[in-house]
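J.: Mind having a look at this structure? Questions to follow.
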């Protein structure tokens, strides 16, 4: 996400949610959905979390908002205010859930059958961004529905990066490191795997995100052992596994005996550059509009970035990674220099990744 600063108080948070809902409603219309129905579904989910929040005394965000709605004092009649103030208090979470429901990656993960879900595409296509946003949505849903008691070790999501030249033992050690499971040099791979499976199950991990999966090569002995480890984990852990890597379907991971097993059980999710135009729609401009609405720059004029959509698409080649880097760096510059706004001049001054700069380099006829 582009750089910005969070709301200064709970009132600002509610105002920000109002602005964000306007953007979510437009996304719903573009997706062919009725905003009212999306909002109603999201509200039903969040109000269910509200009703199940038996550990109200452990909540920190909602009570502060409730006191704000009650003009600073809900303590005298807390139960009444919990009834009449609920919709205003949970509104930011309702908007966040509605936004998640419109996310194609989230929808595909929710609707697809069980099994590993490889997210593939070229470099800078936004695979880690999609992965982390889905993980964040899952994490927020978990802590809202079942807030963990203080001091308990609960985690809804695990994120593991495949190390270069990974062996089965080094990869399972990365799984252990994520949740802080002690590992000694004398422990065998089997011992570490047993500890990981036990701890992940006890912690309630529901989603396992594995990035840089293209680094695995099942054609080698160590790569084959590592692929077998992942297959073992998918069978032992009650969690959904999502792999992300560069052009995964073109790698040895999907060829040979082991590759055929994975291909037969996997649902491929492809990430690619966003086109400037798709039929009558303008998906790249729509995305820029949503990103601009998330900015918290005091003097930025809404509509500035969509007006330069053609230029931004040329600079980034429609790659999500390059786009977020461009706007993030421009926003950081705007904050540091005190202008608090992004202009085409600000965007011009940002140097992007090598692939984007190569694409944007002008060609000369000879």
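J.: Mind giving me the nanometre distance, one decimal, between the label points for residue 154 and residue 219, set 7 Å out from Cα along Cα→Cβ?
T.: 4.7 nm
J.: For the residues 326, 161, what sequence is obtained by ranking on other C-beta atoms within 10 Å, fewest first?
T.: With the fewest neighbours first, 326, 161 line up as 161, 326.
J.: For residue 249 and residue 31, what is the calculated FRET efficiency with R₀ set at 22 Å and r taken between the beta-carbons, to the nearest 0.05?
T.: 0.25
J.: Compute the Cα gyration tensor for the stretch 283-360, then decide on rounded, prolate or oblate, letting a ≥ b ≥ c be the square roots of its eigenvalues: rounded whenever a/c is under 1.5, prolate when a/b is larger than b/c in the other cases, and oblate in all that remain.
T.: The shape class here is oblate.
J.: Using Cβ contacts closer than 10 Å as the measure, can you line up 23, 322 from fewest to most?
T.: Neighbour counts put them in this order, fewest first: 23, 322.
J.: Kirkwood Rh, the stretch 151-196, all Cα pairs: how many Å?
T.: The answer is 11.3 Å.
J.: What full-extension length gain, to one decimal in nm, is calculated for residue 299 and residue 345 as 0.36 nm per residue of separation minus the Cα-Cα distance?
T.: Extending this stretch completely gives an extra 15.0 nm.
J.: Neighbouring Cβ atoms within 10 Å as the yardstick, rank 15, 160, 94 fewest first.
T.: Ascending Cβ contact count within 10 Å gives the list 15, 160, 94.
J.: Which whole-number percent is the relative contact order of the stretch 283-360 (Cα, under 8 Å, 6+ apart)?
T.: Reported as a whole number, the value is 35 percent.
J.: Can you tell me the equivalent ellipsoid semi-axes for the stretch 160-228? Use √(5λ) from the Cα gyration tensor, largest first, whole Å.
T.: 20, 15, 10
Each reported figure results from applying straightforward, stated rules to the coordinates on display, with no laboratory input. Source: prediction; values computed, not measured. When we count neighbours, we look across all protein chains shown, and the Cβ atoms used for this are built from the backbone with ideal geometry, even at glycine.
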